[in-house]
Structure formats: structure tokens, C-alpha cells
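Heads up: the structure comes next, in C-alpha cells.
Values quoted throughout were computed directly from the atomic coordinates according to the rules given, and no laboratory measurement underlies them. What you see is a predicted model; the values in this text were computed from it and never measured. Please note: Cβ atoms are built from the backbone with ideal geometry, for glycine as well, and neighbour counts cover all protein chains shown.
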Amino acid sequence: MVRKIKAGNFTSKIIGRRMWIQAAFLVVWLGPFGLRLHTICSPVFHCYACPLASFACPIGVLATFCALHVFPFIAVGLLLAVGAFFGTLICGWACPFGFLQDLTAKVPTPKFDLPKFTGYFRYVVLIGAVLAIPYFFGEEHPLFVCRVCPAGALEAATPAMISQSIAGEEVIWPNTLKLTILILFLVAIFFIKRPWCRVLCPLGAIFSVFNRVSAFFLRFNADKCTHCERCHKLCEYGIEPEKTPNDLNCIRCLECTNCSPDALNLGSIFKRAKDQRENSGGK
Amino acid sequence: MINNNTKILIFGVLVLLGAALLAYGALFHSNNVLPQQGEDSTAVAKSEPALIKEVTVGGVTRAESGKIKQTYTGKAPAACAT
């Protein structure tokens, strides 16, 4: 266990409260007041068929608009604007599906790491199941993203099956592939940290490409780095933050900013010129 | 390595582009949607937010003719069937 040393800055203060911030966002996505604003996309991965979903899932909208051969101006515009501001900070701090995986990761089971190249599967899912398959084969194809999505199976199909069962109606099960992926996902989240986000999430794939240019980013100050490699141990996703602070696989949990020399910080392009000069040694 | 001024420029372009697409989609973009029965019927223009709402309940599909067609008549389904 790596000892976390708090530097006392704003980032350090909020890292300890990340789960509470994720829970607060969950309240927004689950629509406690019965709001179903499905004309609007949210920037997170949350199935719109969930009985409590407040907003539309951007991935579901992208895929279905591809199947309709209509350009999704609202979904693409939203993802561009949010990605430009936050990059994968959304994954680490706001996504309800990521929050679920973070909660199950708290269960004390042996955890296994994944090879770094598995992160590229997310782009295969994005290009294949979200864009190409819907466009060329339509939404009836068995690999259409919503037909295999574990978020849909967990957040929409499961509550529907429970309500059908309680009402004494015939229970409609999801297709075999979707059910298999759900079971694999439910097993994997206890043994791998954020398996969906790291290997398959198409929304994470979109936000990750903004990491290097987003308004909020991970700033590495080479002058302060003592090469202690504490950040390697703090990172639960196998990234070496001092080499690639804005790595495609980073979900911006910001745990690495707890390194004692304070060489890693949440940076912003809005920082004033004076601060920029002070950090001129930073990358 | 991308310096801060380049980042600000890229950020500005992305945000402006995103806002322009959002505004166009929300305010001006619409598509014709055919009713479930009969492809010769009069199509109804639906704005993009309305089309997103239809998508969330599995209310539209692409007909063989390439036109967008509603999957139900009367009351909309409660949720997407996929």
C-alpha cells in the first residue's frame, strides 16, 4: 500500500472526495424528480432505457443516428465541447458506469492488471460497433452497440425483467450475447479495475483523444520530479504519469498527483501568465 | 510538445465548433419522418431533439427506401427495446 501524501492544494483536497462527487453526479443522471429530458444528450455512459435515466446516452444516439444515416449534430457538438474542456475527467469524476466499477473495486478481491495495448480495443468498438456496423448493417445487426452493451443490460433490461417478474408477466430476457457480456462484466469488475472503461468503452475512447489538448490536463513539472516512481505505484491503471501525463488510457482519477514532490498537478490552460512563468519547468 | 498558446487555440476551435454544431442541431436541423403505415403518407418534419427522444424509445428506424420511419402508431413505447 502506497502512503498518500497530501500537498494541501485544491486537487489534493478534492481527490479524497472523488466518490462523493461521483455520487452527486449520479443523482443528476438518475433523475430523482422523474425528469426524463431525453431530447438532450448527457456526456456520460448511461443507458436511456433505464427507468431513471434523465438524459439520452450519447453513444446510443451516435449509433442509432448512424443507422438512420443522419448526422448527429447535437451529440457530436456536445462531445466536442465537453471533451475540449474536460477530456477523460468526465470518466473519472462524473460517469455513473465508472462509479459502479469504482465501488465494486473496493471489494477486497485479488486484482489483476491488463496489458496496455488492450486500451486500443475501445477504438475498435467505437469505429466498429458504434459507427460502421450501424451505418452499413443497421440497428438489427447483433453487434450493434446497444444490443451488446452491458450498461443497457444492467440499467435497463434487469429492472425491466424484475418489474415483469413482479407483475407476473412473461419475462423477456436479453439476447444471449448481451447476457454473456453482462455476466463477464459483473465478474470482471471484482478482479480488474474498471475493465469496461479500459478495454471497451467507446465514450472513453472519444474523450481520451482530447486528453492532450483539453482545457484541464495533467501537468508534469520535471524540475520537481525526484524519479522516485511513487506515481507509478499510485496509478491503478498501469500508466507511468511522468512519461505520459496525458496518456490515452488515463481516466484522470488524479491519484498520481498525491506524489510527495508535487511534480504532478491538475493543470489548466486558463492559468494566468504569472503562474505559467513559475511553472516554466513544467511540461 | 504542445505549448499553452497552441492548446488555447485548439481548445477555442473545438469549443466553437462544438457550440456551432450543438446550436445548429438544436435550433435548425430537422428530418422528415414517415408514419408507421404506408410509405406514401405525408412525412412529418421532426427537429433533432425530437428525433433524439424518438431514438431513446426505439421509435424510429430506417426503411428500405432509405427514409426514416416511425415504428409505432399512437402512444410512444416506454423505452428502447434493445
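Oblate is the label for the range A:67-224. Its Cα gyration tensor axes, ordered a ≥ b ≥ c, give a/c of at least 1.5 and b/c at or above a/b. Between A:LEU179 and A:LEU52, the modelled label-to-label distance comes to 2.5 nm, taking each label 7 Å out from Cα in the direction of the beta carbon. Here's the picture: charge each Lys and Arg Cβ at +1 and each Asp and Glu Cβ at -1 in chain B, and of B:VAL55, B:GLY12, B:HIS29 the one pushed furthest to the positive end of that dipole is B:GLY12. Rounded to the nearest 20 debye, the dipole size of chain B about its Cα centre is 200 debye, using +1 on the Cβ of Lys and Arg and -1 on the Cβ of Asp and Glu.
Entry note, the range A:1-101: relative contact order of 29 percent, from Cα contacts under 8 Å with a spacing of 6+ residues. Length available on full extension from A:VAL28 to A:ALA132: 0.36 nm per residue minus the Cα-Cα distance, which gives 34.3 nm. Apply 1/(1 + (r/R0)^6) to the Cβ-Cβ distance of A:PHE117 and B:ALA50, taking R0 = 56 Å, and write down the FRET efficiency to the nearest 0.05. After rounding, the FRET efficiency stands at 0.85.
Rounded to the nearest 500, the 222 nm mean residue ellipticity of chain A from helices alone is -10500 deg cm²/dmol, with -39,500 (n - 2.57) taken per DSSP H run of at least 4 residues.
Neighbour counting of Cβ atoms within 10 Å sorts the residues A:LYS178, B:LYS75, fewest neighbours leading, into B:LYS75, A:LYS178.
Computed over chain B, relative contact order equals 24 percent, with contacts defined as Cα pairs under 8 Å that lie 6+ residues apart. First check a/c for the range A:115-176, with a ≥ b ≥ c the square roots of the eigenvalues of its C-alpha gyration tensor; if it is under 1.5, answer rounded, and if not, answer prolate when a/b is larger than b/c or oblate otherwise. Oblate. Around the Cα centre of the range A:175-248, unit charges on the Cβ atoms of Lys, Arg, Asp and Glu (plus for the first two, minus for the last two) sum to a dipole of about 160 debye. A simple spin-label model places the labels of A:THR109 and A:ILE40 3.6 nm from each other, with each point 7 Å out along Cα-to-Cβ. Fully extending the segment from B:SER65 to B:ALA23, taken as 0.36 nm per residue of separation minus the present Cα-Cα distance, adds 12.2 nm.
Per 0.36 nm of contour for each residue apart, how much would the distance between A:SER165 and A:PHE10 grow if the chain were fully extended, relative to their Cα-Cα spacing? Intermediate values should be presented prior to the final figure.
Values: separation 155, 0.36 × 155 = 55.80 nm, distance 4.84 nm.
Between A:SER165 and A:PHE10, full extension yields an extra 51.0 nm.
Quick check: the angle from helix A:58-68's long axis to the longest principal axis of chain A, C-alpha only, nearest 10 degrees? Approximately 50 degrees, to the nearest ten. Helix A:18-29 and the long axis of chain A differ in direction by around 30°, with both axes built from C-alpha atoms.
Paramagnetic label reach from A:THR158 (point 7 Å along Cα→Cβ; backbone nitrogen cut-off under 14 Å): within the range A:49-73, residues A:50-52.
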